[in-house]
Amino acid sequence: MPVSICRARKPLPCTRVGGCMEGLRSGSEEVMPEPKRLIDRGCSIKETAKVYDTTIDTLYYYERLGLVVPERNPANGYRIYGPHDFAKLNVIFELRSMGFSFDQMKRYFDHRSFSSTMELMGYEMDRIDQQIAYLSSVKAGIFDGLKLYTQAVAQAQADRMTIERKPERPCALISSELVYYDDIPFAFARYMADHHESLRALRTLTCYRVDTSSMINGCFPAKAIMLYCDADDFHGNYRLPAGLYAGYTFKGSFAGCVPAYTKLKGKIEREGYRMCGDPIEFCLIGEYESDDFREYVSRIEIPVEPAGESVGVAQG
């Protein structure tokens with residue numbers, strides 16, 4: 001429990017009121033009582049721990065670090081915490097609530113002065129600013145994730161094809177050959193470690209360049225497995241080409257890609273377009289978000305061009 005740092009007030013001097021000394025009654029001076037001592041002979045370690053709602057072991061630890069070393073009762077060797085110890089403990093618990101390490105506090109108490117206190121507060125202000133910036137970034141990422149999920153569900157419910165012009169999109173190429181789906185999370189972690197990328201699992205989409213010429217266990221195999229992230233600081237080592245893409249979002253297991261592809265292929269031809277590249281499947285909602293295959297949402301995108309044109313989207 002944080003303890004605020006309090007300072008005892010000195011008794012105010014007597015003041016004159018109407019030419020008479022305040023505190024005089026019927027011509028006689030009232031004797032002011034002596035200030036009451038809150039700590040007469042000091043407090044035991046058990047009493048001190050209770051004041052701060054902490055443990056005796058914590059106070060032992062502070063003593064071992066040299067932060068607060070109470071005097072000992074010469075008669076029995078018991079620890080006695082006096083006013084100076086409480087002044088230091090007040091500061092320690094305040095600094096702990098602000099996240100200071102014991103090493104920082106030790107250095108501060110070893111060379112404590114007004115200038116070092118000002119320096120400490122300045123350091124804390126800078127650290128808080130950094131935390132605010134980091135948390136703002138995390139909050140923005142969470143907002144983007146919620147937006148992505150909401151759009152994915154809405155697109156799946158709409159059950160319609162779209163044709164959109166996409167810019168070049170950076171990806172991380174995980175594998176250019178078939179990899180078991182269960183191995184993809186490990187590949188994700190290994191890529192982050194190898195390339196020192198700060199990818200966020202809930203903002204990074206697994207995507208596949210699929211081979212529609214054959215099927216394995218009812219699904220199209222993948223020619224390439226990639227990770228797509230729209231973060232500004234992500235550059236990747238692979239690019240999805242810019243161009244026109246026909247897209248369709250569906251709900252359910254990955255086996256749904258086969259009927260989704262068939263449906264999208266027919267729609268492309270009816271709309272006066274033709275396919276000019278391999279389909280790409282994006283996992284919008286998957287095992288990072290749910291253990292239920294029925295809640296998965298995927299999107300298949302196929303590069304297309306008007307049927308009268310002959311220049312296709314280049315394959316990355």
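The values are calculated or read from the model by the stated rules, or taken from the named source; none is laboratory data. All of these numbers come straight from a predicted model, not from anything done at the bench. Don't worry about glycine lacking a Cβ; one is built from the backbone with ideal geometry, like all the others, and counts go over all protein chains shown.
The one condition from (1) assigned to a helix (DSSP H, G or I); (2) surrounded by fewer than 16 Cβ atoms within 10 Å (Cβ to Cβ); (3) not assigned by TED's automatic domain parsing to the domain that holds Ile300 that Ile92 does not meet is (2).
Taking (1) in a strand (DSSP E or B); (2) out of contact with any helix residue (DSSP H, G or I) (no Cβ under 6 Å at 6 or more places or on another chain); (3) not basic (Lys, Arg) in turn, Thr249 satisfies each apart from (2).
For region 233-285, the set of residues classified as over 14 Å from Ile163 (Cβ atoms), at pLDDT 90 or above and among the aromatic types (Phe, Trp, Tyr) consists of Phe250, Tyr261, Phe282, listed by residue number. None of Ile216, Ile225 is under 29 Å from the mean Cα position of the chain (by Cα) and hydrophobic (A, V, I, L, M, F, W, C) except Ile225. Restricting attention to region 206-253 and to residues that are surrounded by fewer than 21 Cβ atoms within 10 Å (Cβ to Cβ) and of a type in the set (A, V, I, L, M), the residue that is nearest to Leu264 (Cα to Cα) turns out to be Leu244. Phe102 meets the stated requirement of being under 25 Å from the mean Cα position of the chain (by Cα), surrounded by 13 or more Cβ atoms within 10 Å (Cβ to Cβ) and not aliphatic (A, V, I, L, M).
The listed residues are Arg294, Arg239, Arg299, Arg209, and the only one of them that is assigned to a helix (DSSP H, G or I) and under 30 Å from Ala140 (Cα atoms) turns out to be Arg294. I'd like the residue in region 32-89 that is β-branched (Val, Ile, Thr) and part of a loop (DSSP other than H, G, I, E, B) and, out of all such residues, is modelled with the lowest pLDDT. Per the criteria, the residue is Ile39.
Every condition in (1) in contact with a strand residue (DSSP E or B) (Cβ under 8 Å, 6 or more places away or on another chain); (2) free of Cβ contacts under 8 Å to residues at least 60 places away in the same chain is met by Thr162 except one, and the failing one is (2).
Across region 185-209, the number of residues qualifying as more than 14 Å from Tyr238 (Cβ to Cβ) and at pLDDT 75 or above comes to 8. Taking region 70-89 as the range and being touching a helix residue (DSSP H, G or I) at 6+ places or on another chain (Cβ under 7 Å) and exposed (fewer than 14 other Cβ atoms within 10 Å of the Cβ) as the test, no residue passes.
The criterion of at least 1 residues that are among the hydroxyl-bearing types (Ser, Thr, Tyr) and either closer than 27 Å to Tyr248 by Cβ or assigned by TED's automatic domain parsing to the domain that holds Glu289 (or both) is met by the following helices (runs of 4 or more DSSP H) wholly inside region 95-198: 114-158, 184-195.
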